[in-house]
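The values are calculated or read from the model by the stated rules, or taken from the named source; none is laboratory data. Remember, predicted model here, so these are calculated numbers, not experimental data. Cβ sites come from the backbone with ideal geometry, for glycine too, and all protein chains shown count toward neighbours.
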Amino acid sequence: MTLLEVSGLRVTYRTEDGPVLAAKDVSFSLGRGEILALVGESGCGKTATAMAIPRLLDDTRATIGGSVLLDGVELTALSERRMRDVRGKDISVVFQEPMTSLNPAFTVGRQIGEVLRQHTGLTRRQVRERVVELLDLVGVPDARRRAGSYPHELSGGMRQRVMIATAVACDPKVLIADEPTTALDVTIQAGVLDVIRDLREQLGTAVILITHDLGVVAEVADRVVVMYSGRHVEHSPTAAVFDRPQHPYTIGLLDALPARAALRGGRRRLTEIPGLVPSPATDPDACQFAPRCPRATAECTAARPALTGADGGDGHLVACYHPGPRRDA
Amino acid sequence: MNNAALENGPSAAADPGAAAPEPVPQWRRTLRRLLRRRMAVAGAVLVLLFLLLALVGPLVTGSQTRLGLTHLLAGPSGAHPLGTDDLGRDVLARITGGARVSLLAGVVSTALALVVGVPLGLAAGYYRGWADSVLMRLTDLVLSFPYLVFAVGMAAILGPSLRNVIIALAVAEVPSVVRIVRGETLVLRSQDFVEAAVADGARDAAVMWREILPNMTNTLIVKATVAIPAGILGEAALSFLGLGVQPPQASWGVMLTSAQQFLSQDPLLAVFPGVAIALTTLGFNLLGDGLRDVLDPRELL
């Protein structure tokens, strides 16, 4: 059952050097209670794609094209006023930086309560009770007392839990988590991921998880969209991406993982992908990955490969002329 | 919403030496740090002293306008601790009355400037655009005049009275308030927590009021401790020039004007209001310096 349908999404930034296409024809759908991971290197357009969904991009600098349907409602056509009601209620966002994403001037309880006051008709007392419930839900110990703490009195992991509590306060249909664990210690990361997984179980929240950490993906995601230079190049169930990666870029990302490299014969050196991410300003009719690709042929630079079904069915899509599992040379 | 923090307060405050595990209200910690600074405490004492003088002094000292033709320009005595002026009026009573006028002018003009300047600065910094540009050129225009010159001009147009002095001083102060608030808003609006509030569906007014404004209270407090003494000096200057409080009502500026003629016969007549002006402004400045240091977020812990 489709909850969120993104099709042909384009994000264009106006810059002094002309327009920059941060996301090009990105399409995916998200079902209720599903966790979808958006994966790719820095600058590949994952954040632009995700932030375009609740229209959080500065509209003086970015234009959004394509269609975003949430429960059948076209979000790109809503007025800013209606959109504000969607934000925080139907779609909410957890940002990367828990250290700076909370207002230092107020207690965390008040900040969580603010969202409830805004979007629900709860009384003051009900808000207070719900805040404690939410803090409990995201695993903040001693929630009643912690609600009276200021952000600087909490650790990074606790703050990220507070951010998540704020985000799920109104039972959103979609939670967008932009690198929610990147700024945290590894030991804290696991806890935060558990919280996200629990929320899916308990509340049926669908999650778009933006990350460059394939370990995180393997742990929590149901499906994966791999992005490269503003386009999605591979799209499949999580298991398939790890077992049978098709796109050479995905294979490159996996080979750069230490654990994977160790499995493949204990070589010391990790394999990196040569070259750099291309400038998103250019959008040639060719495979953007071709200059860095070991499998590139003349065909790759002649026309852009379309996203097509890969071997094995199960909705595994790949945009490559030479897909297929690793061929060790 | 602060109840939990307040309830935790007393137990933590009872043991200030230990690393307090209970959350301590921020204002209490700030106050504690302030009290450790000798100069700031001296400033606070001076300010409180003059505040007390202004509030209850006139009830004690008697009339500030009653003439006493038998004791003109008398020196300090038991009946008149600070002596009498050229019309035999009690100087202490007039200093006390002047304190009321001075503090009123300083505080009210500053409050007015904040009430007008803060919303303007918030809106300008948050929305930017052409309205911001127009507003900024306007503030440039006003700021291109020295503060006092502008206030003198305004007071001259409005006519002499305490109310008009306050209005003139407030108008002269507004542009700098707008500038400061706008600058802080520009910095704060790009902070993550502001973005997070927008992502939670907060309205523009809510973002400005709850996310941005509370995070510049420190700046505004410090700004006020600079603006209040400037207002006090401004009132004294305008009254000295005859553009402010009119005799026979007492004001430190008015007292200086009349003392001027008797400088050789009774220099003390000029000394008392002069000292009063110097001490109040010094008090506010010391307090402001202390607050600036204590409220500096880099000083946390």
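Just checking, which of B:G88, B:G83 is surrounded by 13 or more Cβ atoms within 10 Å (Cβ to Cβ), within 16 Å of B:G274 (Cα to Cα) and in contact with a Gly (Cβ under 6 Å, 6 or more places away or on another chain)? Write out each step before concluding.
Working: B:G88 fails: within 16 Å of B:G274 (Cα to Cα).
Criteria check complete, one pass: B:G83.
Suppose we filter A:D213, A:D222, A:D171 for residues that are free of Cβ contacts under 8 Å to residues at least 60 places away in the same chain, more than 14 Å from every other protein chain (Cβ to nearest Cβ) and either of a type in the set (D, E, K, R) or within 21 Å of A:D90 (Cβ to Cβ) (or both); which single one remains?
Among A:D213, A:D222, A:D171, only A:D213 is free of Cβ contacts under 8 Å to residues at least 60 places away in the same chain, more than 14 Å from every other protein chain (Cβ to nearest Cβ) and either of a type in the set (D, E, K, R) or within 21 Å of A:D90 (Cβ to Cβ) (or both).
Identify, from the list A:S29, A:S67, A:S7, A:S92, the residue that is assigned to a strand (DSSP E or B) and without any contact (Cβ under 8 Å) to a residue 40 or more places away in the chain.
On the way: A:S67 fails: without any contact (Cβ under 8 Å) to a residue 40 or more places away in the chain; A:S7 fails: without any contact (Cβ under 8 Å) to a residue 40 or more places away in the chain; A:S92 fails: without any contact (Cβ under 8 Å) to a residue 40 or more places away in the chain.
Going through A:S29, A:S67, A:S7, A:S92 in turn, the sole match is A:S29.
Looking only at region B:181-194, which residues are over 18 Å from B:L120 (Cα atoms), more than 7 Å from chain A (Cβ to nearest Cβ) and not polar (S, T, N, Q)? Before you say what the answer is, go through the steps one by one.
First, the residues of region B:181-194 that are over 18 Å from B:L120 (Cα atoms): B:190-194.
Next cut, more than 7 Å from chain A (Cβ to nearest Cβ) only: B:190, B:194.
Selection gives B:V194 alone.
Among the listed residues B:V198, B:V171, B:V178, which satisfies the condition of being assigned to a helix (DSSP H, G or I) and over 25 Å from the mean Cα position of the chain (by Cα)?
Only one candidate qualifies: B:V198.
Could you tell me whether any residue of region B:216-229 is within 12 Å of chain A (Cβ to nearest Cβ), crowded, with 22+ Cβ neighbours inside 10 Å and closer than 30 Å to A:R81 by Cα?
The initial filter retains those residues of region B:216-229 that are within 12 Å of chain A (Cβ to nearest Cβ), namely B:216-218.
Imposing the further condition that a residue be crowded, with 22+ Cβ neighbours inside 10 Å reduces the set to none.
Scanning region B:216-229 turns up no residue that is within 12 Å of chain A (Cβ to nearest Cβ), crowded, with 22+ Cβ neighbours inside 10 Å and closer than 30 Å to A:R81 by Cα.
Taking the condition of being among the acidic types (D, E) and either part of a strand (DSSP E or B) or without any contact (Cβ under 8 Å) to a residue 24 or more places away in the chain (or both), how many residues in region A:10-19 meet it? First the steps, then the outcome.
First pass over region A:10-19, keeping only residues among the acidic types (D, E): A:16-17.
With the extra rule that they be either part of a strand (DSSP E or B) or without any contact (Cβ under 8 Å) to a residue 24 or more places away in the chain (or both), the set shrinks to A:16.
Summing the residues that are among the acidic types (D, E) and either part of a strand (DSSP E or B) or without any contact (Cβ under 8 Å) to a residue 24 or more places away in the chain (or both) in region A:10-19 gives 1.
What's the total number of residues in region B:174-199 that are β-branched (V, I, T) and touching a Ser or Thr at 6+ places or on another chain (Cβ under 6 Å)? It would help to see each step written out before you state the result.
Start the filter on region B:174-199 by keeping residues that are β-branched (V, I, T), which leaves B:174, B:177-178, B:180-181, B:185, B:187, B:194, B:198.
Add one more test, that the residue is touching a Ser or Thr at 6+ places or on another chain (Cβ under 6 Å), and what stays is B:178.
Final tally of qualifying residues: 1.
Pull out all pairs, ordered by first then second residue, where Cβ-Cβ is under 7 Å, the residues are six or more apart or on different chains, the first lies in region B:258-273 and is among the hydroxyl-bearing types (S, T, Y), and the second is surrounded by 16 or more Cβ atoms within 10 Å (Cβ to Cβ).
B:S258/B:D85
Among the candidates B:I212, B:I166, which residue alone is crowded, with 21+ Cβ neighbours inside 10 Å, within 14 Å of another protein chain (Cβ to nearest Cβ) and assigned to a helix (DSSP H, G or I)? Let's see the steps before the verdict.
Details: B:I166 fails: within 14 Å of another protein chain (Cβ to nearest Cβ).
Just one listed residue meets the conditions, B:I212.
Do the conditions hold for A:L57, that is, is it hydrophobic (A, V, I, L, M, F, W, C), more than 7 Å from every other protein chain (Cβ to nearest Cβ), in a loop (DSSP other than H, G, I, E, B) and in contact (Cβ under 8 Å) with a residue 12 or more places away in the chain? Before the answer, list the steps.
Values: hydrophobic (A, V, I, L, M, F, W, C): yes; more than 7 Å from every other protein chain (Cβ to nearest Cβ): yes; in a loop (DSSP other than H, G, I, E, B): yes; in contact (Cβ under 8 Å) with a residue 12 or more places away in the chain: yes.
Judged against the criteria, A:L57 is a match.
Which is assigned by TED's automatic domain parsing to the domain that holds A:A190, polar (S, T, N, Q) and within 19 Å of A:D194 (Cα to Cα), of A:Q126, A:Q118, A:Q111, A:Q160?
Unique residue meeting the criteria: A:Q160.
All but one of (1) of a type in the set (K, R); (2) within 10 Å of chain B (Cβ to nearest Cβ); (3) under 27 Å from B:W209 (Cβ atoms) hold for A:R159; state the number of the condition that does not hold.
Of the numbered conditions (1) of a type in the set (K, R); (2) within 10 Å of chain B (Cβ to nearest Cβ); (3) under 27 Å from B:W209 (Cβ atoms), the odd one out for A:R159 is (2).
Would you pick out the residues in region A:135-157 that are closer than 16 Å to A:L193 by Cα and surrounded by 17 or more Cβ atoms within 10 Å (Cβ to Cβ)?
The first filter runs over region A:135-157 and keeps only residues closer than 16 Å to A:L193 by Cα, leaving A:135-140, A:156-157.
Correct list: A:L135, A:L137, A:V138, A:G139, A:V140, A:G157.
Take the residues in region A:94-126 that are more than 9 Å from chain B (Cβ to nearest Cβ), β-branched (V, I, T) and crowded, with 20+ Cβ neighbours inside 10 Å; name whichever of them is nearest to A:L154 (Cα to Cα).
A:V108
Kindly indicate which of A:A48, A:A22 is surrounded by 20 or more Cβ atoms within 10 Å (Cβ to Cβ) and not in a helix (DSSP H, G or I). First the steps, then the outcome.
Values: A:A48 fails: not in a helix (DSSP H, G or I).
None of the others qualify; the one that does is A:A22.
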